[in-house]
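The values are calculated or read from the model by the stated rules, or taken from the named source; none is laboratory data. Everything numeric in this text was worked out from a predicted model, so none of it was measured. All Cβ positions, even for glycine, are placed from backbone atoms using ideal geometry, and neighbour counts span all protein chains on display. Calculation scope for accessible area: heavy atoms of the full protein, side chains included, ligands and nucleic acids excluded. Shrake-Rupley method; radii C 1.70, N 1.55, O 1.52, S 1.80 Å.
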Amino acid sequence: MKHKVGIIGCGGIAHQKHLPALTNAADRAEIVAACDIIEERAQEVAQNCGTPDCKVFTDYHELLKMDEIEIVYVLTPNVSHCPITVAAFEAGKHVMCEKPMAASAEDARKMMDAWKKSGKLFTIGYQNRYRADSQALKRLCEEGELGNIYYAQAHALRRRGVPTWGVFTDKSQQGGGPLIDIGTHSLDLTLWFMDNYEPATVTGVTFDKLGKTLEPPVQGNPMGAWDPKTFEVEDAAFAFVTMKDGSLITIDASWILNSTEERCASSYLCGTNAGAELTGVGGENNEKLYLNKIMGGKQVKIDVNTAAGGVDLFPGKTVEPYDVECKVWLDAIEGKGELIVKPEQAFTVTKILDAVYKSAQSGKQVVFDD
């Protein structure tokens, strides 16, 4: 029997990531319902990716009434993650929700409470954990290669990379800009590598220097021109996060920054035994992994990708991360393995992001008391 899937939100992330993954896993899962506030989008998904009798909805409540649906994908703007996810758990469904978990820590907590009551599985779409370089670095961390990681940098920098489709610059729908959009990936990776989910304090600052002022002729945005008049979110954010064990994480996130380099879903780790640099996606060093350590009394930088005479220490990019994400998700539902992205971890990411925004707004440090 194939798993019956309902898709809620039929926009860009559905087409770029989840629909291709589910299509590639067609022997295990099938889409029996599609929902979007724009009916034509749901009809397109139903026609191209669904079963012959795939249902189409514009109200997610109606989709959730379908008893045969076992799994729901929540692929909507950030602020709607909470009500849809809570309703899905109350309807007895497993939930795959796109990143971030929610637009606020308060909403994320509601989602966590609903999940715990449901007895169902819950995961968040942090697909960068499934990249070959990310998996290799995680293994090195688990094996103690870096020792105690006490300082880390989470990078999500674009020189010019404003998404000009959907609702990315609409604060009422997204809750924020590059920090909540791409910074969430870098922070998730960094916390995962460190295996540290106990933040103590957060100090953050956000900027809106360029998004609301640059006019189309001088924007230089590869994704097309944006309208400064409707640019409601930050264009850059930076944060200083101390953890309860004394370790430190810095975060930088931007869609628009007059920087000489860019890197997204990137992490820089410094441990007591060695350091590591995951260059991430974007920029000249796309998805590279480097180690910094002492060998023979000298400090050396090792290119893990081409070490040992060109023999890779981890497999090349033979499958897309979203395909691995889908396999891990379905395996967990079938009791064949553990989730890699756990709800508690994604909740901590949202708590930190929320604290950055609150600190930036108040000008004060946010202290966690839980």
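Can you work out which of the residues in segment 38-60 that are assigned to a strand (DSSP E or B) and charged (D, E, K, R) is farthest from the chain's Cα centre (by Cα)? Residue satisfying both the conditions and the ranking: Asp53.
Can we say Glu284 is open to solvent by 40 Å² or more (accessible area, probe 1.4 Å) and either modelled with pLDDT of 95 or more or not in a helix (DSSP H, G or I) (or both)? Yes; evaluated as a whole, the condition is true for this residue. The set of residues in segment 7-21 that are in a helix (DSSP H, G or I), open to solvent by less than 10 Å² (accessible area, probe 1.4 Å) and under 13 Å from Asn48 (Cα atoms) comprises Ala14, Leu19. All conditions but one from (1) of a type in the set (A, V, I, L, M); (2) modelled with pLDDT under 95; (3) open to solvent by less than 20 Å² (accessible area, probe 1.4 Å) apply to Val162; the one that does not is (2). Reported count of residues in segment 88-113, each being assigned to a helix (DSSP H, G or I), more than 23 Å from Val233 (Cβ to Cβ) and in contact with a strand residue (DSSP E or B) (Cβ under 9 Å, 6 or more places away or on another chain), is 3.
All conditions in (1) assigned to a loop (DSSP other than H, G, I, E, B); (2) out of contact with any Phe, Trp or Tyr (no Cβ under 8 Å at 6 or more places or on another chain); (3) open to solvent by 10 Å² or more (accessible area, probe 1.4 Å) hold for Gln173, with the sole exception of (1).
The set of residues in segment 61-78 that are of a type in the set (Val, Ile, Thr) and in a loop (DSSP other than H, G, I, E, B) comprises Ile69, Thr76. One residue alone among Val319, Val304, Val233, Val300 is within 28 Å of Lys17 (Cβ to Cβ), touching a strand residue (DSSP E or B) at 6+ places or on another chain (Cβ under 8 Å) and either aliphatic (A, V, I, L, M) or modelled with pLDDT of 95 or more (or both), and that residue is Val304. Within segment 71-118, the set of residues being among the basic types (Lys, Arg), over 22 Å from Gly183 (Cα atoms) and open to solvent by 20 Å² or more (accessible area, probe 1.4 Å) comprises Lys110, Lys116, Lys117. The set of residues in segment 212-260 being of a type in the set (Val, Ile, Thr), part of a strand (DSSP E or B) and surrounded by fewer than 21 Cβ atoms within 10 Å (Cβ to Cβ) consists of Thr242, Thr250.
The lone criterion from (1) assigned to a helix (DSSP H, G or I); (2) at positive phi left unmet by Gly144 is number (1). Of all residues in segment 177-203, those satisfying the criterion of being open to solvent by less than 10 Å² (accessible area, probe 1.4 Å) and more than 14 Å from the chain's Cα centre (by Cα) are Phe193, Pro199, Val202.
With respect to the conditions (1) closer than 23 Å to Arg28 by Cβ; (2) of a type in the set (Phe, Trp, Tyr); (3) surrounded by fewer than 23 Cβ atoms within 10 Å (Cβ to Cβ), Phe57 falls short on a single one, namely (1). Can you find even one residue in segment 177-200 that is assigned to a loop (DSSP other than H, G, I, E, B) and among the small types (Gly, Ala, Ser)? Within segment 177-200, one or more residues are assigned to a loop (DSSP other than H, G, I, E, B) and among the small types (Gly, Ala, Ser). Does Val205 satisfy being out of contact with any Leu (no Cβ under 9 Å at 6 or more places or on another chain) and among the aliphatic types (A, V, I, L, M)? Yes: the conditions hold for Val205.
If you go through segment 129-157 one residue at a time, how many are under 30 Å from Val218 (Cα atoms) and open to solvent by 50 Å² or more (accessible area, probe 1.4 Å)? Counting residues in segment 129-157 that are under 30 Å from Val218 (Cα atoms) and open to solvent by 50 Å² or more (accessible area, probe 1.4 Å) gives 0. Scanning segment 326-339 for any residue that is acidic (Asp, Glu), at pLDDT 90 or above and open to solvent by 40 Å² or more (accessible area, probe 1.4 Å) turns up at least one such residue.
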